[in-house]
1. Using the basic label-point model (7 angstrom from Cα toward the beta carbon), what is the V143 to E96 distance in nanometres?
2. At 222 nm, what value in deg cm²/dmol follows for the chain if DSSP H runs of at least 4 each add -39500 (n - 2.57) and the sum is divided by all its residues, to the nearest 500?
3. Report the charge-dipole magnitude of the stretch 84-188 in Debye, nearest 20, computed about the Cα centre from +1 at each Lys and Arg Cβ and -1 at each Asp and Glu Cβ.
4. Please list 3J(HN,Hα) in residue order for the stretch 9-17, calculated via the Karplus relation 6.51 cos²θ - 1.76 cosθ + 1.60 where θ = phi - 60°; whole Hz, with x for glycine and proline.
5. Give me the net charge for the shell around W68: Cβ to Cβ below 14 angstrom, other residues only, Lys and Arg +1, Asp and Glu -1.
6. Pulled fully out, how much extra length does the chain show between S19 and E63, if you take 0.36 nm times their separation in residues and subtract their Cα-Cα distance?
7. As an exercise, take the mean of 1/r over every pair of distinct alpha carbons in the chain, invert it, and state the Kirkwood radius in angstroms.
8. Summing Lys, Arg as +1 and Asp, Glu as -1, what charge do residues with Cβ under 12 Å from the Cβ of G84 carry, G84 excluded?
Amino acid sequence: MEQAVPSSPLEQVRTRIVSAARIAGRKPDEITLVAISKTKPVAAIEELIAQGQRVFGENRVQEAQAKWPEIRAAHPDIVLHLVGQLQSNKAEEALELFDCIHSLDRPSLVTALGKAQDKLGKRVPCFVQVNIGAEDQKGGCAVADLPALLAQANQAGIDVIGLMCVPPADIESAPFFALLDKLADENGLALLSMGMSDDLETAVQLGATHVRVGSALFGHR
Ligand SMILES: *Cc1c(COP(=O)(O)O)cnc(C)c1O
C-alpha cells in the first residue's frame, strides 16, 4: 500500500479547486489561484514560490512596495495582483507595482488611474469591485452605479476584465456570487474574482475565474 504523504496547504487548496471545478463541469485551468500574502513575510512567500505558485495578491500598496521588488527580482515570472482598497493618490504607485487591480470601485479612482496610465504609458487589467451586500463599511461600487462606472472606465481607457466582490461575513456567500455572475453577464464581462479560503468551492461552482486565498495557504493572520 502507498504511504499517505501529508500534502502541503498549496496542494490542498489546488485539490479543492480541482474538485469544485469537476463538480461544476468546468476545467480547473479556467481558475486562477491568487495567493493572498498580506501580512506574511517574504520567507513564507518564497516557500510557496518554491512549490510552484506564481500568482500573488496584496491588499496594501505600501506593504507590497516593501516586500515585492526583491522577490520579483529573483522570480521575473511572478504575477502580482492588488486586492485591497486603493487611494486615488496611490494610483500611480499601484500601476508601477501591480499586474492587475481588483479594487476599481469609484469615479475618483477611475479618473486617477486613467491619468496614471496616460502618464506612465502602462495599462493593467482591472476588476471593478462591487459592494455586493450593500454594506456601508465595505469598498465597492453600488450595484446600481455599475453601468455608469464601467462606461467611465471605458472612456478613460481602462481595461476592465471582470467583476470582484467580498460578500458579507458569516452568511452564505452563494446568492452574492450568483448576483456577481449575473451582473458580469449583463455587462459583457468574462471574469469573476470571488471566493476566499472559506468559500472557494461555492465560488468556483458559481463561475469564479479568480479565487483569492490567504489563510488556507499561509495560516491565520
Ligand atoms: C485577505 C483577503 C482575501 C483572503 O482571505 P482569506 O480568508 O484569508 O482567504 C481575499 N480577498 C481580499 C480582498 C482580502 O483582503
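What follows is calculated from the coordinates using simple rules that are stated; it is not laboratory data. Because the structure is a prediction, the values reported are computed rather than measured. Please note: Cβ atoms are built from the backbone with ideal geometry, for glycine as well, and neighbour counts cover all protein chains shown.
1. Roughly 4.0 nm, to one decimal.
2. -12500 deg cm²/dmol
3. That gives a dipole near 380 debye.
4. So the J values, rounded to whole Hz, are x, 5, 4, 5, 5, 4, 5, 4, 5.
5. Residues close to W68 contribute a combined charge of -2.
6. Here the answer is 12.5 nm.
7. 17.8
8. Net charge in that neighbourhood comes out at +2.
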